[in-house]
1. Please enumerate the residues belonging to the stretch 409-435 that are of a type in the set (A, V, I, L, M) and either modelled with pLDDT of 85 or more or not in a helix (DSSP H, G or I) (or both).
2. Among the residues that make up the stretch 109-116, is at least one of them farther than 18 Å from GLU195 by Cβ, of a type outside the set (Lys, Arg) and in contact with a Cys (Cβ under 7 Å, 6 or more places away or on another chain)?
3. Any chance the stretch 146-162 includes a residue that's of a type in the set (Val, Ile, Thr), open to solvent by 40 Å² or more (accessible area, probe 1.4 Å) and farther than 20 Å from SER98 by Cα?
4. Please go through the stretch 137-178 and give me each residue that is in contact with a strand residue (DSSP E or B) (Cβ under 7 Å, 6 or more places away or on another chain), farther than 17 Å from ILE224 by Cβ and part of a strand (DSSP E or B), ordered by number.
5. Considering the stretch 502-547 alone, what residues qualify as being at pLDDT 85 or above, part of a helix (DSSP H, G or I) and open to solvent by 30 Å² or more (accessible area, probe 1.4 Å)?
6. Within the stretch 200-216, can one find any residue that is within 16 Å of ASP139 (Cα to Cα), part of a strand (DSSP E or B) and open to solvent by less than 70 Å² (accessible area, probe 1.4 Å)?
7. Quickly run through the stretch 76-93 and pick out the residues that are surrounded by 11 or more Cβ atoms within 10 Å (Cβ to Cβ) and at pLDDT 80 or above.
8. Quick test of your reading of the structure: LYS448 fulfils all but one of (1) modelled with pLDDT of 90 or more; (2) open to solvent by less than 50 Å² (accessible area, probe 1.4 Å); (3) out of contact with any strand residue (DSSP E or B) (no Cβ under 9 Å at 6 or more places or on another chain). Name the failing condition by number.
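The values are calculated or read from the model by the stated rules, or taken from the named source; none is laboratory data. Note that the coordinates shown come from a computational prediction; the quantities given were computed from them, not determined experimentally. Neighbour counts are summed over all protein chains in view; Cβ atoms, including those assigned to glycine, are modelled from backbone coordinates with ideal geometry. For accessibility, only protein heavy atoms count, side chains too; no ligands or nucleic acids. Shrake-Rupley method; radii C 1.70, N 1.55, O 1.52, S 1.80 Å.
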Amino acid sequence: MHRMRNIIVLVCCLLREVWSVEPTAILKIQGEEVRASDASFGASLPLKSKKLDLILHHAGSGQGENRDGCTLDKSWWQEWWQENSLDKDGFAILAARSPNCSFGDRMLAVGGVGGKALIVYDTIEGIYRNRSTAQAGTDYECSRGQSWVSKQNDFNSIAAYKSARLDGFKDSGCAQQCESKRCLLTGATNDQGQEQICCAWDTYLRMAASESNNNVAAVYVRMIDYDIISKYLTNSITDSIHCYLYDTYNARTVWFNALLSSFFIWILGIATCSFAAMRAADDIEAIGKHSWSLADRHSLVQRIISDSNQDGPNSLELTLSHAVGFIIVASIVLIFLFYLDATKLVVFIFTMSASIASFITATRPLCAHFLKRHADRPLHFLRLPGVSSTPTLVDLIASILSFSLAIWWLSQHSNPKAGPIGSWILQDFFGICLCVLFLQLVQLNSLKVATMLLGLALCYDVFFVFLTPYLFHGQSIMVTVAAGRGPSRDADYCDKYPDDADCASTQLPMLLMLPEGLNSDDGYSMLGLGDIVLPGLLLALAARYDAANRILRNKFVTATQQNRLFVPIRKRSYFPLLIIGYAAGLACANLAVAFFDFGQPALLYLVPSTLGLFCLIANSDGTLSELWRGPPELSPSWLHDELIKRASSSSANGAADDLTRNNISSSHQSSLYQAVDDATATIPTEHHALLKMSV
């Protein structure tokens, strides 16, 4: 369990902004709780339900002992314990931190006299470490409080000065300003010969040792925590105090929270990929929403005219050359990020892209829904030269909202004290918007291109995760870039200066993330956006193919017509099956990470579970060759024309019944034919026959 705990702590620390020491242990004396940091060695502390019931005594009582507990008189402690056991679990020894021995030496000494726990408290002597002055930054901070002292004027003797020095100048004006209530000599002097003293840092320390006793638990308390303990030990030589010692850290709870977070990031990944793929089929679904009945043929004409004259942005259909180029560019960018710290540039690009994506996919549709009355209100003063369209009030409000959210996220991204909205909620929102927009703008229209793209992406993923350690001195390029750069300063310094630039991690934002506990200190579960959009391209292909076949099956297709006029239409839906395949592949990737305790190329599991499944099912349905070449119904214009042909054929077979059933008047027919004649002058020539055929 102790080993599991250390692994979990290490993982959580690597995922945090700053690796600071958290006090997880509790020392309870007379109903008062003192927090302590658990050591990385020794016995594991029990939880509160099985807390240690101890007698606490200060080191230094036995013959030849000092208060630091480096050496202990075994006979004295055994005799003392026989007199004070009182059916307790054992005794704990309180020892001062000093440069005379290591933490491991103290633990071995405590174990040698039969002690159950070692409690080390920080001291000024332990900070000086036999130096005359302290070290700036790591030992003290003058911005928290400072003053000047004089050996001759402020103290009666040199002995009093030395005593005050080791006591942290508690009676000085500097100490009254400090949280630690203690100050250190900096080595600086002024013209009057006074020495500068500044506030001493008083932080938790995670003790480490090369040798230890696994039967002894060890914790570390700060100087101000020792002030609380000393209230109950009036005479540190003779007094003892009853106490409880336990740990608030529950490895099982942390493991469960991590598992729960991984489950929810799995659900979020599936939901994002599925939703983005469904939105990618909007252009196909829009055609199916139109009424193709004879009574609405006039609106059909107007729709063809509108669609033909529309000059909006078109989606990019990926080709084989695009697939190869994508992998080449991705490889170059990944190597570039490995050698150069371009995090700020990447974060800036992500911010701008996120604001645009959220505007198109989220804020503008929402604003248009809630501001229906003002949705089309033009703002002519915002019209740009050379741009045909005029911005509306909804455009203005939605763009301001998206840009403000993106700037706020940017300001909070590197702030370790940011709340959940700034640290991960907004990043997930922007990540989902980017996935939706990407799958709307980039499309796969054949399994041949999909196989090339995903096959190369799989090789790319495996190479940069598994093979690059053999080429780049043991470093996996993909894992290194994905994990980001950690703090360049040591943990103790970053615990004192968490806002320092050298203590910030440089993690790239192109991922979805969920905390593994109630706050970000417990670490995050993460899922890269690439593991969503690349399989998402295949899911979007299936969603669009299903939508097109569903429209062809439902519009003007009776059993007789299907046998007489058209090619039989497939009834199986591929999209739901691919969602199941994606979910299974993503689950396997997460399980592999947990089992191997190493970052895994997710596409190694996602490609077989999606592309492989798609090919197997399509082959069993007899549609593999069609999907490999690229089915024509994936083109909205082809689908549009095909529906016109089917509608015209349907009306030709029963025009009289349709006219009677739909009560089409002769005047309505005349206006319809006139609309056709007017329309032919405004649309491409290839649509003329279709228009006349439809009427």
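1. We begin by selecting, within the stretch 409-435, every residue of a type in the set (A, V, I, L, M); these are 410, 418, 421, 425-426, 432, 434.
Residues satisfying the conditions are LEU410, ALA418, ILE425, LEU426, ILE432, LEU434.
2. Within the stretch 109-116, the first condition is being farther than 18 Å from GLU195 by Cβ, and the residues that meet it are 109-116.
Imposing the further condition that a residue be of a type outside the set (Lys, Arg) reduces the set to 109-115.
With the extra rule that they be in contact with a Cys (Cβ under 7 Å, 6 or more places away or on another chain), the set shrinks to 109.
Within the stretch 109-116, one or more residues are farther than 18 Å from GLU195 by Cβ, of a type outside the set (Lys, Arg) and in contact with a Cys (Cβ under 7 Å, 6 or more places away or on another chain).
3. Yes, the stretch 146-162 has at least one match.
4. Looking only at the stretch 137-178, we keep the residues that are in contact with a strand residue (DSSP E or B) (Cβ under 7 Å, 6 or more places away or on another chain), and these are 139-142, 144-149, 165, 168-169, 172-175, 177-178.
Applying the additional criterion that residues be farther than 17 Å from ILE224 by Cβ yields 142, 146-149, 165, 173.
Residues satisfying the conditions are CYS142, GLN146, SER147, TRP148, VAL149.
5. GLY530, ASP531
6. yes
7. Filtering the stretch 76-93 down to residues surrounded by 11 or more Cβ atoms within 10 Å (Cβ to Cβ) leaves 76-81, 84-85, 88-93.
Matches in the stretch 76-93: TRP76, TRP77, GLN78, GLU79, TRP80, TRP81, LYS88, ASP89, GLY90, PHE91, ALA92, ILE93.
8. Tallying (1) modelled with pLDDT of 90 or more; (2) open to solvent by less than 50 Å² (accessible area, probe 1.4 Å); (3) out of contact with any strand residue (DSSP E or B) (no Cβ under 9 Å at 6 or more places or on another chain), LYS448 fails exactly one: (2).
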